[in-house]
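These notes are about the structure you will find just below.
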Amino acid sequence: MSFRDYDTRLAAYAVIVDDDDRVLLALWNEGDEPLWTMPGGGVELHETPEQAAVRELREETGYLVELTGLLGVDTYVLPPERRRIQTSRPLKAVRIVYAARIVGGQLTDEQNGTTDEARWVPVTEVPALPQVSLVGIAMTMRADRPSA
């Protein structure tokens, strides 16, 4: 299939783990049920992925962050029948995942957005949470780069 025959969504996310071994997650509210995800989201046309990650973290968590490295890039294809809009076109999602650290702000829930809550969760409790696949993928990326 040619790239002209499907839609693409570029998104940027960040993994932040604090000194107490807790990871910062956001509760995504656009699915059939709320699911935990990594803070982040779509890259706007005028932004770089890095700028989008910083903006999205601020919107979803209240924190101002500094990106400390690229953890990886994940892609997946969503068939037309699983998309949230009526279309005959598949969607290729490209998710860029960064490591980050907090440099300001305070924990705040997003208002009128795609997430309802931001929360620090002990890393050991993450596997038991209802979550999108990106959480496990991002945590694996982080584990594969211990300096992140």
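Structural remarks
- Taken about its Cα centre, the range 3-143 carries a charge dipole of about 580 debye when Lys and Arg each add +1 at the Cβ and Asp and Glu each add -1 at the Cβ.
- The C-alpha atoms of the chain define a longest principal axis, and helix 133-143 lies at about 50 degrees to it.
- Sequence-ordered 3J(HN,Hα) estimates for the range 25-39 from the Karplus curve with 6.51, -1.76 and 1.60 and θ = phi - 60° stand at 10, 10, 8, 6, 10, 9, x, 5, 9, x, 9, 6, 9, 6, x Hz, glycine and proline given as x.
- In order along the range 98-109, phi translates into HN-Hα couplings of 10, 8, 8, 9, 7, 10, x, x, 9, 4, 9, 6 Hz, rounded to whole numbers, per the Karplus curve 6.51 cos²θ - 1.76 cosθ + 1.60 with θ = phi - 60° and x for Gly and Pro.
- Long-range HN-HN contacts of residue 98 with modeled amide H, under 5 Å: 13, 14, 15, 71
- Order by protection proxy (mean Cβ within 10 Å, highest first), peptides 58-66, 1-9, 73-81, 43-51: 58-66, 43-51, 73-81, 1-9
- Here the label points at residue 120 and residue 92, each 7 Å from Cα along the C-beta direction, are separated by 4.0 nm in the simple model.
Rule-based calculations on the coordinates, nothing more; no lab input. Everything numeric here is computed off the predicted structure, so don't read it as measured data. Cβ: placed from backbone, ideal geometry, glycine included. Neighbour counts: every protein chain shown.
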